[in-house]
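These notes are about the structure you will find just below.
The values are calculated or read from the model by the stated rules, or taken from the named source; none is laboratory data. This is a predicted model, so every value here is computed, not measured. Cβ coordinates were reconstructed from backbone atoms using ideal geometry, including for glycine residues, and neighbour counts include every protein chain displayed.
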């Protein structure tokens, strides 16, 4: 199935402890159905000190399920994503406004 959400998309969290927060997708794992969103689902990870980096407790964005994310349209509202043919090219569009993403 084609990816409805991609790296770099602005999204809003629909469910969970970070409900309502907005961020940009940093990475995506389509096989697991999860994405890492900057500033969302933050956990503290303990990092061992190495020659290159300082150790300590460091915040890290953890993956969140794709079903808990919705794309933001140009108005800043959550929208579903659809597909349509634009000539011979398949494009994504926002269901609320109809604009091509």
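Does residue 40 qualify as being touching a strand residue (DSSP E or B) at 6+ places or on another chain (Cβ under 7 Å), modelled with pLDDT of 95 or more, closer than 15 Å to residue 8 by Cα and surrounded by 13 or more Cβ atoms within 10 Å (Cβ to Cβ)? Criteria not met by residue 40.
Can you work out which of the residues in the stretch 69-85 that are free of Cβ contacts under 8 Å to residues at least 40 places away in the same chain and in a strand (DSSP E or B) is nearest to the chain's Cα centre (by Cα)? Top of the filtered list is 79. Just a yes or no: is a residue in the stretch 86-101 in contact with a strand residue (DSSP E or B) (Cβ under 9 Å, 6 or more places away or on another chain), touching a residue at least 60 places away in the same chain (Cβ under 8 Å) and assigned to a strand (DSSP E or B)? The answer is yes, given that some residue of the stretch 86-101 is in contact with a strand residue (DSSP E or B) (Cβ under 9 Å, 6 or more places away or on another chain), touching a residue at least 60 places away in the same chain (Cβ under 8 Å) and assigned to a strand (DSSP E or B). What residue, among those in the stretch 19-38 that are touching a residue at least 12 places away in the same chain (Cβ under 8 Å), over 21 Å from residue 75 (Cα atoms) and in a loop (DSSP other than H, G, I, E, B), is farthest from the chain's Cα centre (by Cα)? Once the filter is applied, the top-ranked residue is 32.
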